[in-house]
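A short worksheet on the structure shown next.
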Amino acid sequence: MIRIFNNTNFDFLGKWRIASTALVAFIVPALLWIIIGGFNYSVEFTGGTLMQIEFVEDQDVGRVRNALGSAGIESAELQRFGSDRELVIRASGAADVARQVEGAETVVASIRQALDQEFGEDAYTVIRTEAVGPRVGGELRQRAIIALLISFGVTLIYLAWRFEWRFGVAALVSTIADILATAALMRYINLEVSLFVVGGLLTVLGYSLNDKIVVFDRVRENLKKFQKEALSALLNRSVNETLPRTVMTGTTTLATLLALLVFGGEVIRPFAIVLTFGIVVGTFSSMFIAPSVLLKIEQRWPHAIGARRVTTEGTAPATQS
């Protein structure tokens with residue numbers, strides 16, 4: 001049986017500064033952007049009305065906007081969706097949400113009336129409509145945040161129980177970096193935060209932690225097998241030994257996600273984008289960030305993790321047996 005990346009001897013810990021700097025440089029500007037401007041939330045979280053329509057013929061977006069403005073829906077966002085004839089109308093401004101509170105069909109009826117007057121009833125077809133009140137949207141956003149926090153908390157407890165607390169902290173720190181990097185990508189490409197995207201973030205969280213558990217499992221095994229080896233060299237050895245599994249798992253998953261990106265349609269594509277990037281950055285942090293964090297923790301709080309010499313720099317592993 002052919003194994004790719006078998007018996008590799010890469011010095012992952014020796015590159016931890018470059019890897020960490022690149023990750024921080026990617027995350028920090030986006031975090032500042034998020035603090036200043038926040039995310040682009042869908043109507044599921046902000047409240048409002050969404051209507052997806054398909055015209056019989058191509059229509060000018062400006063003409064549609066003017067028609068809606070004449071009906072009093074001036075803050076609506078218009079976006080091409082799928083084909084050139086499909087259009088998504090989002091009415092999530094404060095005035096539109098207030099009108100919706102009066103009746104769920106109020107904004108929808110106003111949009112349809114404006115389109116009928118401008119283009120005619122037979123000029124378009126309504127594919128779907130969504131109407132979410134501001135209270136429901138706020139509750140969904142709060143529950144999404146709680147779901148992420150619970151996932152982190154339960155995972156930390158599990159890692160502390162299965163391994164030693166140092167392993168759990170290292171895995172958690174690197175996984176938080178994965179989530180922040182994924183959130184940074186969402187801000188850079190202005191990806192709309194919907195329930196699909198939150199589901200993608202939770203999936204990234206689980207995948208990333210599973211990847212780090214595999215690496216740390218091998219570290220724990222090697223701590224018993226190579227008791228005289230420096231910790232940095234042992235960590236490098238462990239990452240190299242799990243590299244074939246990491247690459248095979250990642251590439252097969254990415255192949256499936258590529259199919260979703262190409263053929264999944266506009267609704268599922270944000271989920272596929274989040275998950276694709278999350279798997280890439282999760283694999284990256286499993287190789288470079290998580291082992292280096294574990295090494296730094298051991299340097300700061302020495303422990304009988306192997307009663308071994310802890311070096312400050314990455315050291316390429318010895319030839320694997």
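The values are calculated or read from the model by the stated rules, or taken from the named source; none is laboratory data. Since we're looking at a predicted model, the values are computed, not measured. Glycine gets a Cβ as well: all are built from the backbone with ideal geometry, and neighbour counts include every protein chain shown.
Beta carbons closer than 8 Å, at least 6 apart along the sequence or on distinct chains, never pair a first residue in the range 198-225 that is outside the structural domain of residue 142 (by TED's automatic domain parsing) with a second that is assigned to a helix (DSSP H, G or I).
Among the numbered conditions (1) at pLDDT below 75; (2) over 20 Å from residue 125 (Cα atoms); (3) in contact with a strand residue (DSSP E or B) (Cβ under 8 Å, 6 or more places away or on another chain), the only one that residue 73 does not meet is (2). Is it the case that residue 147 is more than 30 Å from residue 60 (Cα to Cα), without any contact (Cβ under 8 Å) to a residue 60 or more places away in the chain and either not in a helix (DSSP H, G or I) or not assigned by TED's automatic domain parsing to the domain that holds residue 55 (or both)? Yes; evaluated as a whole, the condition is true for this residue. Counting the residues of the range 150-167 that are β-branched (Val, Ile, Thr) and either at positive phi or in contact (Cβ under 8 Å) with a residue 12 or more places away in the chain (or both) gives 1. Could you go through the range 223-233 and let me know if any residue there is in contact with a Phe, Trp or Tyr (Cβ under 9 Å, 6 or more places away or on another chain), at pLDDT 85 or above, farther than 30 Å from residue 148 by Cα and in a helix (DSSP H, G or I). There is at least one residue in the range 223-233 that is in contact with a Phe, Trp or Tyr (Cβ under 9 Å, 6 or more places away or on another chain), at pLDDT 85 or above, farther than 30 Å from residue 148 by Cα and in a helix (DSSP H, G or I). No other residue among 281, 262 is crowded, with 16+ Cβ neighbours inside 10 Å and of a type in the set (A, V, I, L, M, F, W, C) apart from 281. Of the candidates 253, 175, the single residue that is surrounded by 20 or more Cβ atoms within 10 Å (Cβ to Cβ) and assigned by TED's automatic domain parsing to the domain that holds residue 28 is 175. When only residues in the range 25-36 that are aliphatic (A, V, I, L, M) and surrounded by 13 or more Cβ atoms within 10 Å (Cβ to Cβ) count, which is farthest from residue 289 (Cα to Cα)? The qualifying residue farthest from residue 289 (Cα to Cα) is 34.
Among the residues of the range 158-169, just one is within 15 Å of residue 205 (Cα to Cα) and surrounded by fewer than 15 Cβ atoms within 10 Å (Cβ to Cβ), namely 158.
Any chance the range 263-270 includes a residue that's part of a helix (DSSP H, G or I), in contact (Cβ under 8 Å) with a residue 24 or more places away in the chain, among the acidic types (Asp, Glu) and in the same structural domain as residue 31 (by TED's automatic domain parsing)?
Yes, the range 263-270 contains at least one residue that is part of a helix (DSSP H, G or I), in contact (Cβ under 8 Å) with a residue 24 or more places away in the chain, among the acidic types (Asp, Glu) and in the same structural domain as residue 31 (by TED's automatic domain parsing).
Exactly one residue out of 214, 204 is under 29 Å from residue 29 (Cβ atoms), modelled with pLDDT of 85 or more and not charged (D, E, K, R), and it is 204. In the set (1) farther than 23 Å from residue 286 by Cβ; (2) touching a helix residue (DSSP H, G or I) at 6+ places or on another chain (Cβ under 9 Å); (3) not assigned by TED's automatic domain parsing to the domain that holds residue 65, the condition left unmet by residue 124 is number (3).
Listed residues 54, 121; which is on the phi < 0 side of the Ramachandran plot, among the charged types (D, E, K, R) and modelled with pLDDT of 85 or more?
Within the list 54, 121, the selection yields 54.
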